[in-house]
Amino acid sequence: MVAMDVYHIWFNLKEGVSDIEFVEKSRTYLDHLKAMGRVADYRITRRKLGLGPPQLPQWHITVDFENMAQMDAAFGQVASRADPLESFHHAVNSQVQDIFFALYRDFPDPGRVRGQEKF
């Protein structure tokens, strides 16, 4: 298994947004980034059966990056605000609310030395 940096995005859809259309637009955006080599993979998930803490939004996207350099390249590409990526990003971002992010990594890191830890 290759260790990944995993970018997490939790959110709710705005009132009146079609869930199926949102997922199609999200896939278009993320597939474009993947085809450019800017992301390794992604998942789009939705809470099931209402199970989950009330403070956690209904939707969750994870984006896998092979390393921080790949993530930086993806963020740089998006930050350019150039089409077609800007239009794909807007088509997704304009439909969400209650959004928050986190960055996790597979653990332990591949370079982790064991047996010499002081804490």
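The values are calculated or read from the model by the stated rules, or taken from the named source; none is laboratory data. Remember, it's a predicted structure, so these values are computed and weren't measured experimentally. With ideal geometry, Cβ positions are generated from the backbone for all residues, glycine too; neighbour counts draw on all protein chains shown. In case anyone asks, the SASA skips ligands and DNA or RNA and just uses the protein heavy atoms, side chains included. Shrake-Rupley method; radii C 1.70, N 1.55, O 1.52, S 1.80 Å.
Things worth noting here:
- Contact map, segment 71-83: first residue within 18 Å of Tyr104 (Cα to Cα), second residue in a helix (DSSP H, G or I) and not β-branched (Val, Ile, Thr), Cβ cut-off under 7 Å, separation 6 or more or different chains; pairs are Ala74/Leu33.
- Filter result for Phe101 (open to solvent by 90 Å² or more (accessible area, probe 1.4 Å), within 19 Å of Asp5 (Cβ to Cβ), touching a residue at least 12 places away in the same chain (Cβ under 8 Å) and touching a strand residue (DSSP E or B) at 6+ places or on another chain (Cβ under 7 Å)): yes
- Selection within segment 62-97 - among the acidic types (Asp, Glu) and open to solvent by 90 Å² or more (accessible area, probe 1.4 Å): Glu66, Asp72, Asp83
- Residues (in contact with a Lys or Arg (Cβ under 9 Å, 6 or more places away or on another chain) and surrounded by fewer than 17 Cβ atoms within 10 Å (Cβ to Cβ)) located in segment 47-61: Leu56, Gln58, His60
- Selection count where residues are in a loop (DSSP other than H, G, I, E, B) and over 27 Å from Glu15 (Cβ atoms), scope segment 82-119: 17
- Residue in segment 35-46 that is over 22 Å from Leu85 (Cα atoms), open to solvent by less than 70 Å² (accessible area, probe 1.4 Å) and in contact (Cβ under 8 Å) with a residue 24 or more places away in the chain present: no
- Within segment 11-27, considering residues that are within 14 Å of Val92 (Cβ to Cβ) and outside any helix (DSSP H, G or I), the one least open to solvent (accessible area, probe 1.4 Å): Phe11
- Residues in segment 60-81 that are part of a helix (DSSP H, G or I) and among the polar types (S, T, N, Q) were compared, and the one that is farthest from Val23 (Cα to Cα) is Gln70.
- Scan of segment 104-119 for residues that are exposed (fewer than 11 other Cβ atoms within 10 Å of the Cβ) and either under 30 Å from Val23 (Cα atoms) or polar (S, T, N, Q) (or both), ordered by number: Phe107, Gln116
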